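Read through the structure below, which is laid out as structure tokens, and then see the notes.
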Amino acid sequence: MTTAVQVLANGLLYGSVLSLVSVGISLVFGVMNVLNFAQGAMVAIGVYLGYFVVGQAGWPLIVAVPLGVLAGLALGVLAQRVALYRISSVEPLRPLLATFGLGLLVVGLLGALFTTDIRAYEGPLRGSLNLGGVKLPTQSVALGLAGLAIVGVIYYVVYHSRFGLGLRATTQHREAAASCGVNLDKMDAIAFGLGTAIAVGGGVLLSIRYPAYPTIGDAWLLQGLVAAIIGGLRSILGGVVGAMVVGVVFTALTYVTGNSQVASLLIYVTLGLLILVRGGGVLKQA
Amino acid sequence: MSTHAGPPVLEIRHLTVSFGGLTALADVSLSLDGDQAIWGLVGPNGSGKTTLFNCVSGMIRPTGGQILVNGRPLRTGSPRAASRLGIGRTFQSPRLFERMSVLDNLLAASRGERRPTQRAEELLELVEMTAHRRALAGQLSIGQKKLVELARVLMRRPAVVLLDEIAAGVHPRMVERIEGYLRTLRAQGVRFFLVEHDVEMVARLCERLFVLDRGRLIAEGPCQEVLRDPQVVSAYLGRPAGPAAEGARDAA
Amino acid sequence: MTTIVAGRPLQRLLAAGRGGTLSERTPAHLVTLGLVTVALLVAPHLNVNSYHLTVLYYVLFYAAFTQTWNLSSGMTGYLSFAHPFLLAAGGYAALFGLHRGLGLSAAIALGAGIGLLAGGVLALTSVRARHLVFGFLTLFIVMAMEIVAELWTPVTGGVSGLIAPKFTSFELSYYLTAVALLVTTLAIVLLRSRIVGREVLAIRDDEDVAASVGINTSMLKALLFGAAGGLTGLIGASHVLFLGSAHPNNLFPLHLIVLPLALTLVGGASRVWGPLLAAGGYTLLTEMLRVSAPTIHLIILGAAVVLVARLRSI
């Protein structure tokens, strides 16, 4: 029984971290109707940032993570202007490819700048906690809580700010929002900026536990996509729920089969079958 | 009573389409008999006309009912099955293969035709678009696109052509042109089922008219009679209304 | 004679579409194809060093790999990320066959055959899922297949891969790839000159309308993805012989997932020569820039995809 609880707890913690990816994807999809394939690469940027700022320069996380969030916001807005400006509405395939290309470009640049060597550092909060008989690595707990905190901040922004109102309106009905005076370009930039901000900030956080190398974000991207789809692709809450589901399932499968790759494989196959059986509707807005 | 031997060209029995609490079509039955050639389907916006067309052309699967073409039952939900039984259809906003030339658009629909290029050129000549045969379909004007769409649907030699608001968004001279083509084609034995808001056009062309209102068939009969039916008039003008002068106008 | 041999269905499938703008350059294409064939036959025998021959091989490899993608995804508009899956299917199958005692020709044929089956998987997916969803699924398919390749040790050699027994010769791989490239290009030229080519492109432009004018979209998608699968499987068999091994790193690298897509779109999907020229340019460019960064592939391809997405209608 304890093992099951342990697996569940680990799964939820992992899910909290994964929600950084899935919420970013859901946010961008909700507003722009585009799946952000660059999300994984943005997390990788965050991990590198964390390595250099926290690992090498010794700054505390409390400073580094908000720095990452701000950097991500700027980067996201810039990326949206360069790669995605106003092509979202024309044909659905083009912005999808644009984000994919963006992700590749980022991974390539990271490899060019920092080589493909794996860089890691000894993060803080080592050791483990014992919570009611369940042993959890302290870092995992910290990451899980901090991840949820970041998502919480984004939630607050979206549901309790003026920007957020515009974002929600655009998510529900793009054309109607535009005719109410919402500046779609601005919304797109903000949505992409927020999504990237979560990714980079989250990446900084993740650097305490995960090493930095160019393709580290790829697995998270795929799992994040699965999570976002399960969560319905439109709401922050959905993104979190989906991430929890994927987190628990992944952890459980890894435990049962002993191999995280088998777990990934099973998840991909399940997603594929789900989509084939239920039809492509899962990937459309409304 | 049909004096034409054989089954109706198109027969719809108890067609029902509902999704999520909304009923777009409720138990609609109608029959296009072979002794006529041009039928019309009119009704206010939202009455279910396009939904009916979508069912017959296989783009939607109805919730209930049956469709028969020349007596043969149609497998619903498959545009290709509809095409194979002889249904042709044009769209309110013309849907051409935008990245191909006009001629290639027609050739794409020419499978089974013994002399595809010849037939394509004949049809282009009929709608007077021969000069544009090499033009990219995406660059044509709306009116020109409608003509090409008409020619393309005729490549399949359909039993009946569903024309979805062919006069919409097109200036009056083009509407005249189109009417002329329809008359010519009708003389050649082609049959048309029109959805139209342009009531005058309907009055000029159609032999028999069907009226939908809020998903139900509320009137059918010879064109002039139906257009004077008070129920039809009030459906167009909104309730309540008494009998109006001839020529129901769509006030919506 | 053709009627007796090929039968009415095939004859009808291959009906010529004279007059349409797609077919007007067919004679020119065929002539060019002939010239290219001659050039490819001659090239290895010119007095060049082995480095140049290697570059030449890679031009051919990338060009063939891209053109088979063009044949299936470029023509139908069903963009696929799973092209390396077809390559790997052929490569692993061929070496698997060689290890089990098959002769060289049989092993290569096995590669093409398994590639065709793999193409069939994509074909089935394309029947069930439309353009966007299909593309999305292919990403997961290729990632899943990479994991399968790494785990299915009895067949694929797992993480170590399979070594090619001593059959490798530059000429063999070169000519096999050249044949695949020429056959695929010929197929595209022939498609474009016939009604069936317009039907395929109609799928790309508006699949629902294509179906409503009587086009058998499922059959065409199946045919093209199956054919692309077989041809890419052949390329895969040839490639593992060239490399000397079949290994997940060689057959599923990140850049191969997007390479055919990027190069086809840059060169022009459904065009005959554009994608090939793009492949050639790409190979030379990456060769020249190779010293500056090993991840140059990703930068170039990533930038290319972004540019194409921004500028072109897809």
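Key figures
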{"read-out": "Residue among C:LEU95, C:LEU60 that is more than 22 Å from C:LEU201 (Cβ to Cβ), more than 14 Å from chain A (Cβ to nearest Cβ) and within 12 Å of the chain's Cα centre (by Cα)", "value": "C:LEU60"}
{"read-out": "Residue in the range A:158-165 that is open to solvent by less than 30 Å² (accessible area, probe 1.4 Å), among the aliphatic types (A, V, I, L, M) and farther than 30 Å from A:GLN6 by Cβ present", "value": "yes"}
{"read-out": "Of all residues in the range C:232-286 being of a type in the set (Phe, Trp, Tyr) and open to solvent by less than 20 Å² (accessible area, probe 1.4 Å), the one that is farthest from C:VAL305 (Cα to Cα)", "value": "C:PHE252"}
{"read-out": "Verdict on A:ALA64 being crowded, with 23+ Cβ neighbours inside 10 Å, under 21 Å from C:ALA293 (Cβ atoms) and either charged (D, E, K, R) or in contact with a Gly (Cβ under 7 Å, 6 or more places away or on another chain) (or both)", "value": "no"}
{"read-out": "Answer from A:ALA286, A:ALA228, A:ALA212, A:ALA219 - the residue that is at pLDDT below 95, surrounded by fewer than 21 Cβ atoms within 10 Å (Cβ to Cβ), aliphatic (A, V, I, L, M) and under 21 Å from A:PHE100 (Cα atoms)", "value": "A:ALA219"}
{"read-out": "Members of the range C:197-209 that are facing chain B (nearest Cβ under 7 Å) and aliphatic (A, V, I, L, M)", "value": "C:LEU201, C:ALA202, C:VAL209"}
{"read-out": "Breaking point among (1) open to solvent by 30 Å² or more (accessible area, probe 1.4 Å); (2) within 14 Å of chain C (Cβ to nearest Cβ); (3) farther than 23 Å from A:ILE236 by Cα, for A:LEU49", "value": "(2)"}
{"read-out": "Residue check for A:SER264: touching a Phe, Trp or Tyr at 6+ places or on another chain (Cβ under 8 Å) and farther than 19 Å from A:THR99 by Cβ", "value": "yes"}
{"read-out": "Where a residue in the range A:221-241 is closer than 15 Å to A:ASN36 by Cβ and its partner, wherever it lies, is among the charged types (D, E, K, R), with Cβ under 9 Å and at least six apart", "value": "A:LEU233/A:LYS284"}
{"read-out": "Wholly within the range C:80-177, helices (runs of 4 or more DSSP H) carrying at least 3 residues that are surrounded by 15 or more Cβ atoms within 10 Å (Cβ to Cβ)", "value": "C:83-99, C:104-128, C:131-151"}
{"read-out": "Qualifying helices (runs of 4 or more DSSP H) (wholly inside the range B:96-182; at least 2 residues being within 14 Å of another protein chain (Cβ to nearest Cβ), closer than 27 Å to B:LEU205 by Cα and touching a residue at least 60 places away in the same chain (Cβ under 8 Å))", "value": "B:142-155"}
{"read-out": "Residue satisfying all of: in the range B:19-49; in contact with a strand residue (DSSP E or B) (Cβ under 9 Å, 6 or more places away or on another chain) and open to solvent by 50 Å² or more (accessible area, probe 1.4 Å); nearest to B:GLY86 (Cα to Cα) among these", "value": "B:ASP27"}
{"read-out": "Test result for C:LEU265, more than 7 Å from chain A (Cβ to nearest Cβ) and either touching an Asp or Glu at 6+ places or on another chain (Cβ under 6 Å) or in a helix (DSSP H, G or I) (or both)", "value": "yes"}
{"read-out": "Members of the range A:74-97 that are without any contact (Cβ under 8 Å) to a residue 40 or more places away in the chain and within 7 Å of another protein chain (Cβ to nearest Cβ)", "value": "A:ALA83, A:ILE87, A:GLU91, A:LEU93, A:ARG94, A:LEU97"}
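The values are calculated or read from the model by the stated rules, or taken from the named source; none is laboratory data. Note that the coordinates shown come from a computational prediction; the quantities given were computed from them, not determined experimentally. For neighbour counting, all protein chains shown are included, and Cβ atoms are generated from backbone atoms with ideal geometry for every residue, glycine included. Only protein heavy atoms, including side chains, enter the accessible area calculation; ligands, DNA and RNA are left aside. Shrake-Rupley method; radii C 1.70, N 1.55, O 1.52, S 1.80 Å.
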